[in-house]
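Okay, structure first, notes after.
Each value in this text was obtained by applying a stated rule to the coordinates, not by laboratory testing. Just so it is clear, the structure is predicted and the values come from calculations on it, not from any experiment. All Cβ positions, glycine included, derive from the backbone under ideal geometry; neighbour counts span all protein chains shown.
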Amino acid sequence: MEEEYEGGIVKKFMFVNRKAPYGTVYALEVLEMVLISAAFDQDVHVAFLDDGVFQIKKGQDTKDLGMKNFSPTYRALEGYDIEKLFVERESLEERGLTEDDLLVDVEVISRADMAKLMGEMDVVMTA
Amino acid sequence: MAYETNGKTVEADEEGFLVNINDWNEDLAGLIAKDEGIDMSPEHWEVINFLREYYAEYQIAPAVRVLTKAIAKKMGPEKGNNKYLYELFPYGPGKQACKIAGLPKPTGCV
Amino acid sequence: MSTLHTVNKSPFERSSLQSCLDHALEGDSVLLMEDAVVAAMAGTAMAPKLADAANSVKLFVLGPDLKARGLDAAGVVAGIGVVDYDGFVDLAAENSTVQAWL
């Protein structure tokens, strides 16, 4: 096992975000998992679909909630070498959003392509 | 634990990280540094200020390798390397510098 | 390469099952468990969608969760297999990945 690790077995990981932020702790927890996963030099993908697209909506302001606005942290992912961010086009459209509403650079792909991409992963974490 | 500065008590966790980031000021940073056995120089301050700016922009304390890379990008490779940063902060530029900067423990630091 | 998708929320409360079916690939397996088992019953508004999905993915429902809710395993949509916990383990082992739709 150790040899395999030393040899650098790289797996394809995908973190799938389906929930809006703040109502539950899922979005923040996944974001922290993504940041930690960066330390393991794996092939990390992050997907936003369904209400998950709201996690990267521009203009979030949580001051009145007394909660931390963690949306700026998605912009730090690039510095963690996590650059494979995917957003599902249908999910945006269903919610009246476009790519211009998003606060990070992402690749917008169709639902069918998202499904295909998920199928290529070794590990998928959905929340 | 807690820090005493200018007659005020500032709350910190068991490792010495501030509970409330807004409690931070430069005097307190000097005090935390002293606790860590560090005599603050302009080079130390440069890193501390960089960390605070990073936090203001991204709302996280960077993992050490992310910090190193970001410093290299902004200040050049002679500062953005492990040797330089560990000489300034022997217990780790991630953990120790973040503590002095009043930030939480780095996210993604394992 | 195939995936076992698990869904544990009722489709009448959350969109997880719909989203799962939208993303499951041909040959994948979908297991309905916990509150999601209500979707397996014939005669619900979801039944046509499941009958349709059964053409491309393998559908399963966890028997103990049906039983607990007073739902009769004999009354599930045609094409949905009823499994027990051992069957769940087998499904997890047969597929290369497990994806839990929370």
Radius of gyration, Dmax [segment B:2-100; alpha carbons; angstrom]
13.2, 41
Taking a crude spin-label model, label points 7 Å out from Cα along the C-beta direction, the B:Met75 to C:Lys49 distance in nm is 5.5 nm
Based on other C-beta atoms within 10 Å, arrange C:Val76, C:Val98 from fewest to most.
C:Val98, C:Val76
How would B:Trp45, C:Trp101 line up from fewest to most surrounding beta-carbon atoms within 10 angstrom?
B:Trp45, C:Trp101
Once phi for every residue in segment C:84-95 is put through the Karplus expression 6.51 cos²θ - 1.76 cosθ + 1.60 (θ = phi - 60°), the whole-Hz ³J(HN,Hα) values, with Gly and Pro written as x, are 9, 5, 4, x, 4, 4, 4, 4, 4, 6, 6, 9
Relative contact order of segment A:1-98, please, whole-number percent, based on alpha carbon pairs below 8 angstrom and at least 6 residues apart.
30 percent
Give the long-range amide H neighbours of C:Asn95: residues separated by 5 or more places, or on another chain, with amide H under 5 Å away, using H modelled in the peptide plane at 1.01 Å from N.
none
Around C:Phe88 (Cβ within 15 Å, Cβ-to-Cβ, excluding C:Phe88; K/R +1, D/E -1) the net charge comes to -4
Rounded to the nearest whole number, the per residue volume of the convex hull around the C-alpha atoms of segment A:11-88 in Å³ is 85 Å³
What do you get for the angle between helix B:42-58 and the principal long axis of chain B? Use alpha-carbon atoms, 0 to 90 degrees, nearest ten.
90 degrees
Most exposed first by the Cβ proxy, i.e. fewest other Cβ within 10 Å, how do A:Met33, A:Met67 rank?
A:Met67, A:Met33
Would you look at the GNM of chain C, springs on alpha carbons closer than 10 Å, and say which of C:Asp52, C:Asp35, C:Asp65 moves the most?
C:Asp52
Where both residues lie in the protein assembly as shown, what percent of DSSP beta bridges are antiparallel, nearest 5?
15 percent
Listed by chain and number, the residues whose amide H is under 5 Å from that of A:Val106, excluding neighbours fewer than 5 places away on the same chain and using placed H, are none
Please tell me the relative contact order of segment B:2-100 in percent, rounded to the nearest whole number, where contacts are Cα pairs under 8 Å and at least six residues apart.
22 percent
Show the residues, 5+ positions off or on another chain, whose built amide H is closer than 5 Å to the amide H of A:Thr62.
A:Asn69
Tilt, helix B:64-75 to longest principal axis of chain B (alpha-carbon atoms), in degrees rounded to tens, equals 70 degrees
Normalised contact order of chain C, rounded percent, pairs of Cα under 8 Å and 6 or more residues apart:
37 percent
Please list, in order along segment A:94-106, the HN-Hα scalar couplings obtained from phi with the Karplus expression 6.51 cos²θ - 1.76 cosθ + 1.60 (θ = phi - 60°), rounded to whole Hz, x for Gly and Pro.
4, 9, x, 10, 10, 4, 5, 7, 9, 8, 10, 6, 9
Could you give me the ³J(HN,Hα) list for segment A:115-127, computed from phi with Karplus coefficients 6.51, -1.76, 1.60 and θ = phi - 60°, whole Hz, x at Gly and Pro?
4, 4, 4, 4, x, 8, 7, 7, 9, 10, 10, 10, 8
Have a look at C:Ala54, C:Ala68, C:Ala40 and tell me which one the Gaussian network model of chain C (Cα, springs below 10 Å) gives the largest fluctuation.
C:Ala68
FRET efficiency for B:Glu53 and B:Ile21 from the Cβ-Cβ distance with R0 = 22 Å, rounded to 0.05, comes out at 0.95
Which of the lysines could be linked to A:Lys19 by a straight reach, that is with a Cα gap under 20 Å, when you skip same-chain ones fewer than 8 residues away?
A:Lys57, A:Lys58, A:Lys68, A:Lys84, C:Lys9
Checking A:Ile109, A:Ile82, A:Ile56 against a Gaussian network model of chain A (alpha-carbon springs below 10 Å), the top fluctuating residue turns out to be A:Ile109
